[in-house]
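J.: Here it is, the structure in full.
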Amino acid sequence: MTEIQQELQLTGHFLIAMPSLESDLFDGGVIYLFDHSEEGAVGLLINHPYDISFAEVVNDLEVEPNPSMDLSEKMVFFGGPVHSDKGFVLHSPSREYRSSLQSGELVMTSSRDVLEDYVMGQGPENLLLALGYSGWAPGQLEDELARNVWLTVQADPKIIFDCPIAERYARAIKLLGFDPSLLQGDAGHA
C-alpha cells in the first residue's frame, strides 16, 4: 500500500458514483462509508430503493408497531450486492444495540433490536434500512478512487435522512461546492 493510501481515511464520507461508472448497481449512487481501513471498506447505498416495503420487513419481524407509527412512507434500500439477504440499519445514535458500529456521527446496526425499538417508537430518531452492503477488499477502493470512479466528500446526515431520494445524488455533489450538471464522466490525465 502506498503512503497516500495509508493516509486516506474515508469513514463517515459519501462515495458519489461518477457518470462514467459502468455498473448498473452503482449508477447514480451515493454510498455512506461506515468503515474504511487498511482491511477494506464497507458502506451502504442511500439512494437506491428496494422493491420491498418497510412494513413488509416489520411484518416479518413479527413485532406489532406502535399505532402512532406511520410506516407507509418508510423505504427499504438496496445497500449493495454483499449479503443482500441481510438487513443493515444506518441510524442516529440512541442507545447500544447488540451489533452496532459507530461511524462518524452515525451508527450502523445489523441486529434486529434496533428495528424492534424503532417500530415501538423507542428507537433512534433517524433510520435507514438497507438490504445488503457494498464492500471493497484492501486497496480496492483506493484503486477505484485513483481511476476516478468515485468522488468523496464528508457525509451530511441530513442528506441521508431529510432529503428526498431523487435529490440525494445532486445534493451530495453540491457538498463538493460545484453544480452537479457540470459533472462529466471522463476525467483527464496529464
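The values are calculated or read from the model by the stated rules, or taken from the named source; none is laboratory data. In this text, all values refer to a predicted model and were calculated from it rather than measured experimentally. We place every Cβ from the backbone using ideal geometry, glycine too, and count neighbours over all the protein chains shown. Surface accessibility is based on the protein's heavy atoms, side chains included, excluding ligands, DNA and RNA. Shrake-Rupley method; radii C 1.70, N 1.55, O 1.52, S 1.80 Å.
J.: Looking only at segment 59-83, which residues are open to solvent by less than 70 Å² (accessible area, probe 1.4 Å), modelled with pLDDT of 90 or more and outside any loop (DSSP other than H, G, I, E, B)?
T.: Val76, Phe77, Phe78, Val82
J.: Now a separate question. Being among the aliphatic types (A, V, I, L, M) and out of contact with any strand residue (DSSP E or B) (no Cβ under 9 Å at 6 or more places or on another chain) is the filter here, so list the residues in segment 124-165 that pass it.
T.: Ala146
J.: Could I ask something else about it? Only one of Glu56, Glu96 is assigned to a loop (DSSP other than H, G, I, E, B) and free of Cβ contacts under 8 Å to residues at least 24 places away in the same chain; which?
T.: Glu96
J.: Still on this structure: (1) assigned to a strand (DSSP E or B); (2) of a type in the set (D, E, K, R); (3) open to solvent by less than 70 Å² (accessible area, probe 1.4 Å): which one isn't true of Asp117, the others all being true?
T.: (1)
J.: So Asp51 fits all but one of (1) acidic (Asp, Glu); (2) in a strand (DSSP E or B); (3) touching a residue at least 24 places away in the same chain (Cβ under 8 Å); what number is the exception?
T.: (3)
J.: Another question, then. Looking only at segment 138-165, count how many residues are open to solvent by 40 Å² or more (accessible area, probe 1.4 Å), under 27 Å from Met75 (Cα atoms) and in a loop (DSSP other than H, G, I, E, B).
T.: Residues in segment 138-165 being open to solvent by 40 Å² or more (accessible area, probe 1.4 Å), under 27 Å from Met75 (Cα atoms) and in a loop (DSSP other than H, G, I, E, B): 3 in total.
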